[in-house]
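In what follows, a structure is listed as C-alpha cells, so that the remarks can point back to it.
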Amino acid sequence: MKELVERLHPICRSMTGDGVRRTLAIIAETIPLELHEVPTGTRVLDWVVPQEWNITDAYVKDATGRRVIDFARSPLHVVGNSVPVSATMTLEELRPRLHTLPAQPDLVPYRTGYFKKDWGFCLSENALRELPEGEYEVRIDSTLADGHLTYGEHVVRGRTGEEVLISCHTCHPALANETLAGIAVAIELASRLAGRRPRLTYRFLFAPAALGAITWLADNRDTIGRITHGLVLACAGDPGRLTYKRSRRGDALIDRAAAHVLSTREHEVRDFVPFGYDERHFCSPGFNLPVGRLTRTPDGEFPEYHTSADDPSFVTQEAMEHTLAAVEEIVQVLEEERRYLNLEPYGEPWLGPRGLYGSPDIDQMAILWVLNLSDGEHSLLDIAVRSGIPFAGVSAAASALAKAGLLKEEGHVDRVQGGGPG
Amino acid sequence: MKELVERLHPICRSMTGDGVRRTLAIIAETIPLELHEVPTGTRVLDWVVPQEWNITDAYVKDATGRRVIDFARSPLHVVGNSVPVSATMTLEELRPRLHTLPAQPDLVPYRTGYFKKDWGFCLSENALRELPEGEYEVRIDSTLADGHLTYGEHVVRGRTGEEVLISCHTCHPALANETLAGIAVAIELASRLAGRRPRLTYRFLFAPAALGAITWLADNRDTIGRITHGLVLACAGDPGRLTYKRSRRGDALIDRAAAHVLSTREHEVRDFVPFGYDERHFCSPGFNLPVGRLTRTPDGEFPEYHTSADDPSFVTQEAMEHTLAAVEEIVQVLEEERRYLNLEPYGEPWLGPRGLYGSPDIDQMAILWVLNLSDGEHSLLDIAVRSGIPFAGVSAAASALAKAGLLKEEGHVDRVQGGGPG
Amino acid sequence: MKELVERLHPICRSMTGDGVRRTLAIIAETIPLELHEVPTGTRVLDWVVPQEWNITDAYVKDATGRRVIDFARSPLHVVGNSVPVSATMTLEELRPRLHTLPAQPDLVPYRTGYFKKDWGFCLSENALRELPEGEYEVRIDSTLADGHLTYGEHVVRGRTGEEVLISCHTCHPALANETLAGIAVAIELASRLAGRRPRLTYRFLFAPAALGAITWLADNRDTIGRITHGLVLACAGDPGRLTYKRSRRGDALIDRAAAHVLSTREHEVRDFVPFGYDERHFCSPGFNLPVGRLTRTPDGEFPEYHTSADDPSFVTQEAMEHTLAAVEEIVQVLEEERRYLNLEPYGEPWLGPRGLYGSPDIDQMAILWVLNLSDGEHSLLDIAVRSGIPFAGVSAAASALAKAGLLKEEGHVDRVQGGGPG
C-alpha cells in the first residue's frame, strides 16, 4: 500500500482532467475498473458537470529566468482549476495571487477554486520572503474546456445483490494521507474480497469529492436501494487513532458494527454532521444511505492537512494495515450478522454430551451468551455488544451451537435498521 | 426595572388586601391590567377564597413609649395575616410571638400564617437581645373581613389564539428579588412585545401565590387548553446563575427551548418537583400545563431568601436584564419554532448560484444543518440542539433557504409535545 | 442465623445424596418443607438426573498409618462426586489427584466433578509440601448408585396466587458464606412472613445448584406463570456491600424494587449475565422469569470463595441481618406496589382541613409527590424513584391520602413489566 501511495503522490489531480484518469489507470492495474465519463454540461441532481481542467506546465520565473515557483516540482504550486495565464508582473502585482501558510512557513498549502474563473500559485511563506522585488514572468499552461468528469467503479460480486459501498475521493493532488491512503486500503480490501465469494456485493467507488459522488448518485438514483451498508474511507494512513463518523441514521448496522469493532482499539466514534467528505451527499435526506465514514485523524485535525507535509513520509504501511484490519472486521460483521433461535430454551441445555463444554476451541462465555439471547430478538452483533465478546467469537460460538442442533438460523438482518430513503 | 423594584418594595403585600391592589395599580401605570376581584367565600377548585386581610399599623412599644418593633419601618415586622391585637404584655409573655433568625442575627425574617387565626412580630435576633424585661404595649391594627382576592392580567394579542402564560406572584411584602424582580422583568417583556405583533398571544398573570393561581385556574378552567407554553418568573434579579425548572411534562417545547437558550450561559436545568412557586398548581396532574419556571438562584438557596436582606440592594439592573435577555430568546424560539421540508433533498443542492455560499451574512454550517435535517421530522429547535448552533442562526438560515426556494415551510409545532391535560 | 450456619457447615453436601437430605432436615426444624425426591434417570428439561453420590469416609494414610488427608476433618478434602477408591500409591502417582491453591497456600480448595467418573483429594499447598515421598494408602468409601435428586420447598401462602420465588442452593459442602448464609436469611424471612398473611405467596426453594433448579423448573413447567417475582440468595453473610444482579428482563418490578431499596445503602447493581447461580436457568429465554439475584460480594470476587476460609468465622450475624433487612424492604415494595388516581387533580387540594398539612406524622413532600404523580400512569415505586423518598414513606403518604378521600386505588401492578415467558 505504501508503494502505491508513493506512486500516486506526484500526479496533479483535480475534480476533472487527466490526473484523475491517470490515477484510475494505476488503480486498474490491480483491480479492474469500470470507467464512467460524464460530459460537461450534464445535469447531475441539482448540479451541472463543469468544464474539464487540464494543465501541462506552470511557473513563475524571476528576472534571471530561474523558476522560483514550479508546477513541475509539485502540483500543489498551482491553485486548482486555474485559468491559463501568460504575463509579466511585478512582485507587488503578483502578491495577491500567491498563497502561503504564515503559521507553517515551511509548507506549501493546497488551494483550489471550483466554479469561478481565477488563478493563483501556492508556495511556502519562507520562499515568498526570499523573492526580491522586481518583474516576474508568470505562466499557466492550462485549459478549461468541454470534456468529462471521470469516475471508476470496481465490483466484487457476492452471493446476494445487497451492496456495500466503499467510497474514496480521487480529486486532490499530492495529499498522501488525506486522499491516497484510503485508496490504497480500498484496493487491498477489494483484492482480498475477490478470493472469498462473499455474501454481500462490494462496490468500490473512486470519484472526485462532491461532484463525483453527486454524479454517481445521479447515475444510480433508481437502484440506490441496493446500497445496504457503506463506508467512506479517507485519511487512512496517519499515526493517529481510528475515528468513525456515524451515518445520518446513527443506528444503521454499519454504525453499530463499526462502533463494536473499534471498541477494542484506541478510537473515537462521532455523530453525523452534514459536512466532511462524501458522506454529506450519501447521507442527504433524500438518499439517507446507511453510509458512515472511517478515518484515522479526521480532516482538518492534523497539522499536515492540506499542505505539502501530507506527503508519503507521513503515511505508514503499519497505519494503513491497522485501518484495513478494522475494515475487515467490520466487513466480517456485515457478512455474518444474523439471528438464531435457541431450540432448547428452557434452562441451559446439557452442553457436555454435545462436546460444547470445556473444549479449548470454544469460548464458553460466548456459548452461554448466544444461548441466552437467541430468542429471536437479538442478533449476533447485539450479543457481542451486550457481552463485550468480539463478534468473531460470538459468531463462532453460534456456528458451533447450530452444528450441535441447539440453534436454528433465523436469517440475516441487513435491513433491520432505523430510517430509510426519504 | 431597578426603579420599579425600589418603588414596590415598601408595600405590605399579602394573599389579599390593599397591598396587592396598590402593587397592581403601579404595574398598570406601565402596562394596562384587567383586574379580577373574587369575593370571600368563592369556591375555587378545592379551595375557598378566605377573608381579606388589611393592616394600617402595628407596633410593640416599650415602657418609655418607644416603638421597639414598628410596622411603619417595614411590613416584614408583622407576621402576615395577623389578627388584630391590643394588649399589654411582659416580654416573657410576648416572646413566643416574636420570630427571629438566630443564625442571621442582623436580619428580620419574613413570616406569614394563612388559614389560622394567629398573630406575631418579626425582628432581628440582635434587636430581640436588646429588649429589656418589662411590660410592652402590643398593637396590631388589622382587619380580617369579607372582601376579595385580587389578581391582574395583561394580554399582548398575537396573530394566533395560542397563548403563552407568564406568571409572577404578588403576595410577598418587601422581598425584592424573590417577588419584585420577576414582576419587573415581566413588565419590561410585555412592553417590548407590545410593539411587535407577535405570532403567539402573551398572557401576563400577576396574582398572589398559591390561591391566586388556583383562583385563576378556576376562572379559566374551560379555556385552559389555549395555554400552549408558560413560564413562572421569580427570584429574577440576584447575582446567581439562571436556573430553569422543567414543566411536569419534562419535554414540552418550553422545556426544550429554555434548555437550549440557557445552554450558552452559566445555568442549571432541573427536573420538575411538585413544590416551589405556582408551577406546582399549573402542573397539577389535572391541568398538566406546559409551564416551566425561570429563576436565577432558586427559592431557599440564597441566604437573603425570606429575610430583610432581600432588599433592592440585592437586586441589580444588570441581573434583571440578563434574565430578560434569556426570556426574550426563549420567546424567539416559541415564536419561530417550525418545520421545513428540503425541496432538493438528493445530495447537497448547489448553493453558489443561489447566493448561499460564502456570503458573510450567512452561517454556512447552519445552512448545511437545516438542509440535512429538514426532512419533515426535525424542527428548527431540533436542528439547533443537534448542531449546537444558537436557534437564531438556525432560524435565519432557514429563512434564507426558504427565500431561495430550497425549503418549504411545514408549519409551527407548538402542540407537538409529550403529555397533555389529564 | 449464625448458629444455623455453624450447624450446617460440617455437612458434606453435593448435588445428590444424604448431605442434602440432612441439610433439608435441619431447615425443616424451623420451617416445614415439602421434600421432592426425583429418581436417577428422570429426564428433566434437556438433562437427566444422575446417580446419587454418598460418602462415608475417605483418607490418605502415610506409611505410619497416619491420615495425612482426612474427610472426617472437612468434606472439602474429597473432590465432590469422587468414585470409590482403595489403593496404595506412591506420592508421585497420587500427585495428579491432589488439588491445592498455590497462591493461597494455607487454604484447602473446594473442587467437584459432575458427570465424569473421577476422584481426587483437596488439601492446602503447605500440607502437600510436607508430605514425604513414599507409599500412601488411598481410600474413598463412596457410592454412585441409582437414587434420587432431593430438593425442598416451603410455601407461605398469601392472599393471592401470585408467587415470589426465593431460591437458595444446597449443594456445596462447608462453604459458609457462599451457600449457608443465604439459606439462613431465607429461613428467617420465611419465619417472619409466616405471621403476616402477606398479599403475595412466597415459595422458598432449597435445591442443589443447576440440576436442582432445572429439575424444579421441569416439575413446575406448566404452572411457572405464577412466579411473578423472584430472588436468588447466595453469598449473603460476608462483610462486603450488597450487590443486586438484574433479571434478564432488566426492568421487572423485582429489578426496580431492588435498585430502589439498595439506593440508600452502599451497593452495586449489575446487569444480567447468563452465568452465576440459578438465575441463569430461571432466566433462560424459554422461561425468562423475573428473577434477580441478591448477594453481598458476588461469587468469585472474595478471596475466601470456594476455599476452606469460607468458614463460619467469615460470616457475621450483622451482615446477614443487613441482607435480610434489604430483602424485607424489597418484599415491602412487592407487597405494596400499586397505583392511585388523584381525585382532586386540578391544582393542589386543600390539605389543611383534611389534617394532611403540617402534621409531624406525615412526610409532606411524599404527600405532594403522590398527589402530583397519581395520574394513573405512575405507581408508588415510580414516585419513590422519581422523588428519592423511600418507598415506605411514599406508601404511607398514599394510604393517608386515600383515607382522606383524595386518592382512589387503581390496583397492584405485579404484571406490568417488560418481556414475559418466551
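Where a number appears in this text, it was derived from the coordinates with a stated rule and is not lab data. Worth saying up front: this structure is predicted, and the values here are computed from it rather than measured. Cβ atoms come from the backbone with ideal geometry, glycine included; neighbour counts cover every protein chain shown.
For the reader, a short list of remarks on this structure follows.
- Projecting the Cα atoms of B:Phe287, B:Ile389, B:Gly347 onto the charge dipole of region B:273-422 (Cβ charges, centred on the Cα centre) puts B:Gly347 farthest toward the positive pole.
- Ranked by how many other Cβ atoms sit within 10 Å of their own Cβ, fewest first, the residues B:Val232, B:Val333 fall in the order B:Val333, B:Val232.
- Computed about its Cα centre, the charge dipole of region B:285-349 is approximately 300 debye, with only Lys, Arg, Asp and Glu carrying charge at their Cβ.
- Cα gyration tensor shape for region A:163-294, rounded if a/c is under 1.5, else prolate or oblate: rounded
- Dipole size of chain A about its Cα centre, with +1 on Lys/Arg Cβ and -1 on Asp/Glu Cβ: approximately 720 debye, rounded to the nearest 20.
- For C:His99, nonlocal amide neighbours, meaning residues 5 or more places apart or on other chains whose placed amide H falls under 5 Å from its own, are C:Phe121, C:Cys122, C:Leu123.
- Dipole size of the protein assembly as shown about its Cα centre, with +1 on Lys/Arg Cβ and -1 on Asp/Glu Cβ: approximately 2060 debye, rounded to the nearest 20.
- Taking other Cβ atoms within 10 Å as a rough exposure proxy, C:Ile55, C:Ile166 sort from fewest to most as C:Ile55, C:Ile166.
- Based on C-alpha pairs under 8 angstrom that are at least 6 apart in sequence, region A:273-404 has a relative contact order of 19 percent.
- Evaluating 6.51 cos²θ - 1.76 cosθ + 1.60 at θ = phi - 60° for every residue in region A:192-206, the Karplus couplings come out as 5, 5, 4, x, 10, 6, x, 5, 8, 8, 10, 10, 9, 10, 10 Hz, glycine and proline recorded as x.
- Dipole axis of the protein assembly as shown (+1 Lys, Arg; -1 Asp, Glu on Cβ), positive-most option in C:Thr30, B:Gly120, A:Thr264: C:Thr30
- The base-10 log of I(q)/I(0) for region A:231-354, evaluated at q = 0.13 Å⁻¹, reads -0.59 [Debye formula, identical scatterers on Cα atoms, solvent excluded].
- FRET efficiency, 1/(1 + (r/R0)^6) with R0 30 Å, evaluated for B:Lys408 and B:Glu301 via beta carbons: 0.05
- Residues with amide H under 5 Å from that of B:Thr112, placed H, sequence gap 5 or more: B:Gly80
- Distant-in-sequence amide contacts of C:Ile166, defined by a placed amide H-H separation under 5 Å and a gap of 5 or more residues or a different chain, comprise C:Arg203, C:Phe204, C:Leu205, C:Leu231.
- Pseudo-label separations to other copies for A:Ser399 - Cα-to-Cβ vector, 7 Å, nm: 6.1, 6.1
- The mean count of C-beta atoms from other chains within 10 Å of the C-beta of residues in B:365-372, rounded to a whole number, is 3.
- Cα lying deepest toward the dipole's positive end in the protein assembly as shown, options C:Leu8, A:Pro208, A:Leu324, charges on Cβ: A:Pro208
- Evaluating 6.51 cos²θ - 1.76 cosθ + 1.60 at θ = phi - 60° for every residue in region B:54-68, the Karplus couplings come out as 9, 8, 10, 7, 6, 6, 10, 9, 7, 4, 8, x, 7, 6, 7 Hz, glycine and proline recorded as x.
- Helix axis angle, B:18-28 relative to chain B longest principal axis, alpha carbon, degrees: 30
- Compactness of region C:127-218 is given as radius of gyration and Dmax, 19.8, 67 Å, from Cα positions.
- Put a dot 7 Å past the Cα of C:Ala87, heading toward its Cβ, do the same for A:Arg199, and the two dots end up 5.0 nm apart.
- Using a 7 Å projection from Cα along Cα-to-Cβ, the label point at A:Glu34 is separated from the same position in the remaining copies by 7.1, 7.1 nm, smallest value first.
- Summary for B:Arg111: label point 7 Å along Cα→Cβ; distances to the equivalent points in the other copies, ascending, 7.8, 7.8 nm.
- Neighbouring Cβ atoms from other chains, within 10 Å of the Cβ of residues in C:275-282, number 2 on average.
- Based on every Cα atom in region B:289-412, Rg and the maximum pairwise Cα distance Dmax equal 19.9, 65 Å.
- Our coupling estimate for region C:231-238, obtained by passing each phi through the Karplus curve with A = 6.51, B = -1.76, C = 1.60 and θ = phi - 60°, is 9, 8, 10, 7, 6, 9, x, 7 Hz, Gly and Pro reported as x.
- Percent of alpha-carbon pairs separated by more than 40 Å within chain C: 27
- Helix-only CD estimate at 222 nm, as mean residue ellipticity for chain B, using -39500 (n - 2.57) per DSSP H run (n ≥ 4): -8000 deg cm²/dmol
- From least to most packed, judged by other beta carbons within 10 angstrom and beginning with the fewest, B:Lys403, A:Lys61 follow the order B:Lys403, A:Lys61.
- Entry note, region C:1-125: relative contact order of 19 percent, from Cα contacts under 8 Å with a spacing of 6+ residues.
- Contact order, relative form, for chain A: 16 percent (alpha carbon pairs under 8 Å, 6 or more residues apart, mean separation divided by residue count).
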